[in-house]
Structures are given as C-alpha cells and as structure tokens.
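Each value in this text was obtained by applying a stated rule to the coordinates, not by laboratory testing. Remember, it's a predicted structure, so these values are computed and weren't measured experimentally. A quick note on method: Cβ atoms are made from the backbone with ideal geometry, for glycine too, and the neighbour counts reach across all protein chains shown.
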Amino acid sequence: MKDIISKILKEYSENLLTEKKRVKFHPRTVSDLEYVTDLIVSKWKDKDDETPLVGRVYMEDGAGDKGFIPIYYLSTYQNEAEVQIRDNEKPMELGNIFIIVNPDQMLNPNSKSIYNTLYHELQHVFDTNTTRFRSQKNYGNYSHDSIENYYGHPYEQRAYFNEVLEGMVRGYKELIGYYTQQELEDSLDSALNFFGKGGTGDKVLRKVLFGINSEEDLPGELPHALKLLYLVKQGNPDSWNMFLKMLYSTVDEIRDEIKKGYSEELTEKEYKKPRKMSKSYCEKTSCKDMGFSQKASCRPYKNCYSK
C-alpha cells in the first residue's frame with residue numbers, strides 16, 4: 001500500500017509540469033511570507049545577520065505534506081536565495097529544508113523583490129520533483145551553464161511563471177480603487193493580447209509589470225519580470241503554451257478580484273475600521289520604507305500606489 005501511495009504522489013508531482021493554473025499557496029503561507037519579508041527588509045537595511053534565522057513560513061507541498069520552512073538572512077551569502085537541505089543523509093522533505101536569502105545579490109533589492117525571490121524558492125519547495133521525488137530523469141541537464149539548461153528547465157520555468165503571475169495578481173489588486181473597473185478590465189484584455197498575440201499592452205499593464213519588482217519605468221527599458229519570461233521562452237519555446245494557459249486562468253482570477261473589489265463602494269465608515277498602522281505612523285513614514293502590510297493599512301491616510 002505504501003508503494004502504491006508513493007507512486008500516485010509521484011505521478012501527481014510529475015503532472016505539475018503540464019499544469020494549466022498557477023500554484024496558489026495557502027493563505028497562511030502568504031501571510032507568513034509577507035511578515036518574514038518585512039523582517040528581512042529591516043535586518044537587511046541594518047546589515048543585521050547576527051541572528052541569521054528570520055522566521056518560519058508555513059508550507060504545503062504538491063504532495064500534500066505540511067511543515068514550516070526556516071528562512072535565514074546572511075549578508076555574506078553569494079546568491080540571491082537558495083533552498084538548502086539540512087541533512088544529506090535524510091530525504092529532502094519539508095522538515096529537512098531551509099532557505100537562505102541575501103538581498104544584496106538581487107538586481108533591485110527592495111521589499112517586493114525580496115518577496116518575489118522567496119516566493120520563487122517556495123515554488124521549488126512546493127514542486128516535489130525538485131525535492132523528495134528528484135531523480136536523474138527529471139533533473140536532467142539542470143545547471144546554470146546555459147539558458148536552455150537553467151531557464152528552460154522545468155524546475156525553473158514553472159517557478160518563474162508562477163512568480164510573475166503572482167506579481168501580476170498582487171499588482172492589479174493594488175490598483176483596485178485607483179483606476180476604474182473598466183480600465184482594469186480593459187488592461188487584462190490588453191495583457192492577453194500582448195502575451196498571446198504579440199499585441200500592445202496598455203499603460204496599466206506596463207505599470208503592473210514594472211511594479212512587480214518596484215522598478216522605475218524608464219524609456220526603452222523592459223521590466224525585469226518580462227525579461228525573465230523571455231529567458232524562459234528562449235530556453236524552452238515549447239513552455240510558452242503552458243504559460244499562456246496559466247495566464248488565461250490567472251486573468252479570470254484577477255477579474256473576479258476586481259469585481260469583488262468594486263462590488264461595494266468604499267465609504268468613510270469602512271475606512272474608519274481599526275487599522276494595523278496608526279495615522280501618525282503612516283504620515284511620518286516614507287512609502288519606500290513600508291512593506292506590503294503597512295502600505296495596505298496606511299491606504300486611507302496616504303496613497304503609496306502612485307501612477
């Protein structure tokens with residue numbers, strides 16, 4: 001019976017490579033990740049890695065196992081982030097995995113890029129093909145020595161696809177109430193046209209893509225998220241159909257969030273609900289020094305989501 005269950009879980013894990021929807025983490029995972037991101041930003045600014053362990057993130061992998069993943073910040077680490085195994089003599093399962101991160105190795109270190117990097121690494125944790133079901137068959141030629149062997153490898157293509165789509169979901173949700181519902185709906189249509197047919201994306205899509213990593217929108221520049229997608233497509237052109245399928249379902253998800261956000265008009269009474277951050281904190285703290293939760297909590301007092 002144990003062998004049968006293991007076979008079923010392994011077959012399920014292999015099916016991740018042909019998935020049609022993005023991986024949506026458990027709400028607790030997202031909440032933990034936002035919290036840990038804010039802690040890392042604070043420690044990184046102070047170069048405080050005397051106590052490397054920042055926190056633990058709740059995780060459920062693709063086979064249904066549950067656990068907590070320790071996150072460490074090391075200012076001397078030579079990579080952006082990486083999933084590591086504690087004991088090489090034991091299976092690479094949730095209880096035997098941790099993540100190290102160093103924002104200084106990122107192209108544009110900030111709260112969003114740190115969140116995205118950790119989100120990417122957690123995608124590897126979710127994908128049991130990269131952990132306990134790793135084999136020579138699915139590992140193949142995975143390496144950093146070429147675009148094909150890295151960005152084109154199934155491990156990275158699904159992680160990058162999910163990372164960018166998560167950024168788009170969060171980006172459009174941030175703009176609810178800033179643009180009209182119709183503007184956001186039209187922008188989603190332009191996203192499908194841009195990615196699916198090579199058409200032109202609108203200004204809102206451009207804002208979302210640059211906003212994924214809090215980049216400055218400079219003339220002639222492409223957002224980092226788009227560069228990543230192009231690298232994956234270059235490394236494995238056949239993977240693009242998978243991205244488009246995931247994009248279509250993600251656009252439907254965003255549409256639902258937009259409709260939900262505009263279903264009721266915000267009133268002063270709703271704004272007066274207890275907030276996590278006080279008015280004085282919001283007014284005296286710069287937006288660039290705030291994390292996700294602080295910006296959301298301060299929305300009634302200042303708009304950190306400028307056009």
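Set the Förster distance to 35 Å, then compute FRET efficiency between Lys21 and Glu148 from the Cβ-Cβ distance, nearest 0.05. Walk me through the numbers before you get to the answer.
Details: r = 26 Å, r/R0 = 0.74.
It comes out at approximately 0.85.
Extension gain Thr76-Leu222, at 0.36 nm per residue separation less the Cα-Cα distance, in nm? Don't skip to the end; give the middle numbers.
Details: separation 146, 0.36 × 146 = 52.56 nm, distance 2.96 nm.
Working it through step by step, the gained length comes to 49.6 nm.
Greater than 18 Å separation of Cα atoms is the criterion. Which listed pairs, Lys43/Lys288; Lys207/Lys227; Lys203/Lys288; Lys279/Lys302, meet it? Each step should come with its number before you reach the end.
On the way: Lys43/Lys288 15 Å; Lys207/Lys227 15 Å; Lys203/Lys288 22 Å; Lys279/Lys302 9 Å.
In this structure, Lys203/Lys288 lie more than 18 Å apart at Cα.
Excluding same-chain residues fewer than 8 positions from Lys24, which aspartates and glutamates have a Cα within less than 12 Å of its Cα?
Counting by Cα, and skipping residues close in sequence, Lys24 has these aspartates and glutamates nearby: Glu60, Asp61, Glu163, Glu166, Glu253.
Once you list every other residue whose beta carbon is under 13 Å from the beta carbon of Gly152, what net charge do they have if Lys and Arg are +1 and Asp and Glu are -1? If you can, show how the numbers build up before the last one.
Numbers: positive: Arg158, Lys233; negative: Asp145, Glu148, Glu156, Asp238.
So the environment of Gly152 carries a net charge of -2.
Taking Cα pairs under 8 Å and at least six residues apart, what relative contact order does the chain come out at, in percent?
Taking the mean separation of contacting Cα pairs over the length of the chain, I get 17 percent.
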